[in-house]
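These notes concern the structure reproduced below.
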Number of protein chains: 2
Amino acid sequence: MTDVDPRGIRVLAFDVFGTTVDWYTGVSDQLAALFAAHGVDLDPGVFAAEWRGRYVPSMARVMSGERGWAYLDTLHRESLDDLLREHGADLPEDARAAAVTAWHRLPPWPDTVAGLARMRERWTLAALSNGGFALLTALAKHAGLGLDCILSAQLARAYKPDAAVYLMAAELLDVEPGQILMVAAHTWDLAGAAAAGLRTAFVARPAEKGPRGTADTAEDTPADLHATDFLDLATRLGA
Amino acid sequence: MTDVDPRGIRVLAFDVFGTTVDWYTGVSDQLAALFAAHGVDLDPGVFAAEWRGRYVPSMARVMSGERGWAYLDTLHRESLDDLLREHGADLPEDARAAAVTAWHRLPPWPDTVAGLARMRERWTLAALSNGGFALLTALAKHAGLGLDCILSAQLARAYKPDAAVYLMAAELLDVEPGQILMVAAHTWDLAGAAAAGLRTAFVARPAEKGPRGTADTAEDTPADLHATDFLDLATRLGA
């Protein structure tokens, strides 16, 4: 079934945005309400995808040393302000703050909660995301994910795909890097995890970026294991 | 009912050993099995209480700078070795390792899980313990505590009652110290929390140290709120 021996795995580490929860739908819906309330004539789905598109470049500027470490909330706020200006649109301060916290309240994919529950029977389940610790805690609580612990890149003061983030997870959970299976829908995340010595599972989330977006595919993503969703992942792991 | 306004609280932070789980019963039972298997003629309950008695002094040596930072597992192992030697008893290496991990598998008090479930409806629930992150994650999973996140003194590289530990919790959860209610059965822990600006709730655990031990009492423990168990705490908070 796979070249990952599930007996050698002790921790399943889950990327969150796009992999575990549906940011496109969650952010689009919340933006739609804010745009309507404040007369902003922009497509919330297109805007959500553009906003997310600024995410990796904004982290890259942190990791390159171009700027100091900053919370994901701060990066989200800056790219929101940039995008609104570029579109010639305006939102009042409280609506901008509400839009940033839209990323704290996102729906799980339909298979997420049931798949996690099956896997939790056998392994320790951790969030491992670039979101801040408070954001991830709120998000996991709101979505009812049922994880064993929250780990955030904030604890390493680095961002994935920096090896420091993956190695922080191994250190805090007192396991070898190779005893962690990193689960993500993103090629760049799994490449970083593999480089740090973790095992990798790709879960396809073709709708991640909405109807106009192009999600990463299994064909383009080297990984120890490929799954179509969290239920399929649980089955492939024998859970 | 109390001078804590529950509306001002956003996070309930729970001490773990003695407050949330019953270390005396859990460690005694596991020691009894190890002692029987290896012909050690010591009372496991007395030994468990003596072992726990070394805990605060061993942490104090870390916090005073007498020694560098060390995991709770390491402190437990050192005090186990010392106690066995003082009693003229011996255990093989694997039994000593198993005894140390007895602290990772402890039963919740009978009211713990139901009380936490009620409080989780309204607040973010965190473990906030001197145990290591891996230990606490394993313990919470094994006991089915149902917390929203694990916080460990390890993340601050300090030990309660050092203010750094309580302030780390506020920083990571992005709240003011006064928005955290620290819940503990120990006078020294709540004194440290109050000094760091947290609100405090004392929960009486009269059986914490076993039939021969003397647990901290409400009378001797200044706190914003006093409760008899986690169900009473939930009621006093209006949950």
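Rule-based calculations on the coordinates, nothing more; no lab input. A quick note: this is a predicted structure, and the numbers were derived from the prediction, not measured. Cβ placement follows ideal geometry from the backbone for every residue including glycine, while neighbour counts extend to all protein chains displayed.
Across the identical copies, the 7 Å label point of B:Trp188, projected outward along Cα→Cβ, sits 4.8 nm from its counterparts, in ascending order.
Across chain B, the mean sequence separation of Cα contacts (distance under 8 Å, 6 or more residues apart), normalised by length, yields a relative contact order of 25 percent. Taking Lys and Arg as +1 and Asp and Glu as -1, the other residues whose beta-carbon sits under 13 Å from that of A:Glu93 total -1. Gain on full extension, evaluated as 0.36 nm per residue between B:His87 and B:His38 minus their Cα-Cα distance, stands at 16.2 nm. Neighbours of A:Ala114 by Cβ distance under 13 Å: Lys/Arg scored +1, Asp/Glu scored -1, total -2. Label reach from B:Ala114 (point 7 Å along Cα→C-beta): in segment B:204-235, amide nitrogens under 13 Å belong to B:229-235.
Label-to-label distances for A:Thr217 across copies, nearest first, come out at 7.3 nm, using points 7 Å from Cα in the beta-carbon direction. FRET efficiency for the pair A:Glu171 and B:Thr217, taken as 1/(1 + (r/R0)^6) with r the Cβ-Cβ distance and R0 = 22 Å, rounds to 0.05. At q = 0.07, 0.12 Å⁻¹, what base-10 log of I(q)/I(0) does the Debye formula yield for the protein assembly as shown when every alpha carbon is treated as an equal point scatterer in vacuo? The computed values of log10 I(q)/I(0) come out as -0.40, -1.10. Could you tell me which of rounded, prolate or oblate describes chain B, using a ≥ b ≥ c as the square roots of the eigenvalues of the alpha-carbon gyration tensor, with rounded for a/c under 1.5 and, failing that, prolate when a/b is larger than b/c and oblate otherwise? Here chain B falls in the prolate category.
Its relative contact order, with pairs defined as Cα atoms under 8 Å and 6+ residues apart, puts segment A:30-124 at 29 percent. Computed from backbone phi, the HN-Hα couplings of segment A:211-219 come to x, 9, x, 10, 7, 5, 10, 4, 4 Hz, rounded to whole numbers (Karplus: 6.51 cos²θ - 1.76 cosθ + 1.60, θ = phi - 60°; Gly and Pro given as x).
Once the Cα-Cα distance is subtracted from the 0.36 nm per residue extended length, the A:Met63 to A:Ala164 segment shows a gain of 35.2 nm. Spatial offset of segment A:3-20 relative to segment A:205-237 amounts to 13 Å, using the alpha carbon center of each.
Estimated from helices alone, the mean residue ellipticity of chain B at 222 nm is -13000 deg cm²/dmol (sum of -39500 (n - 2.57) over DSSP H runs with n ≥ 4, per residue).
Counting charges near B:Ala196 (Lys, Arg +1; Asp, Glu -1) among other residues having Cβ under 13 Å from its Cβ returns a value of -2. Computed from backbone phi, the HN-Hα couplings of segment A:150-165 come to 9, 10, 10, 3, 3, 5, 9, 6, 8, 10, 3, x, 4, 4, 4, 5 Hz, rounded to whole numbers (Karplus: 6.51 cos²θ - 1.76 cosθ + 1.60, θ = phi - 60°; Gly and Pro given as x). For chain B, the longest principal axis of the Cα atoms and the long axis of helix B:133-143 meet at an angle of about 90 degrees. With its label point put 7 Å out from Cα toward Cβ, B:Glu93 sits 6.3 nm from the same residue's point in the other copies, in order from shortest.
Each Cα pair under 8 Å and six or more residues apart adds its sequence gap; the mean of these over the residue count of segment B:138-183 is a relative contact order of 20 percent. Candidate cross-link partners of B:Lys141 among the lysines, defined by an alpha-carbon separation under 28 Å and a same-chain spacing of 8 or more, comprise A:Lys141, A:Lys160, B:Lys160, B:Lys209. Phi angles across segment A:63-70 convert, under the Karplus curve 6.51 cos²θ - 1.76 cosθ + 1.60 with θ = phi - 60°, into 3J(HN,Hα) values of 6, 6, x, 4, 9, x, 5, 9 Hz, Gly and Pro given as x.
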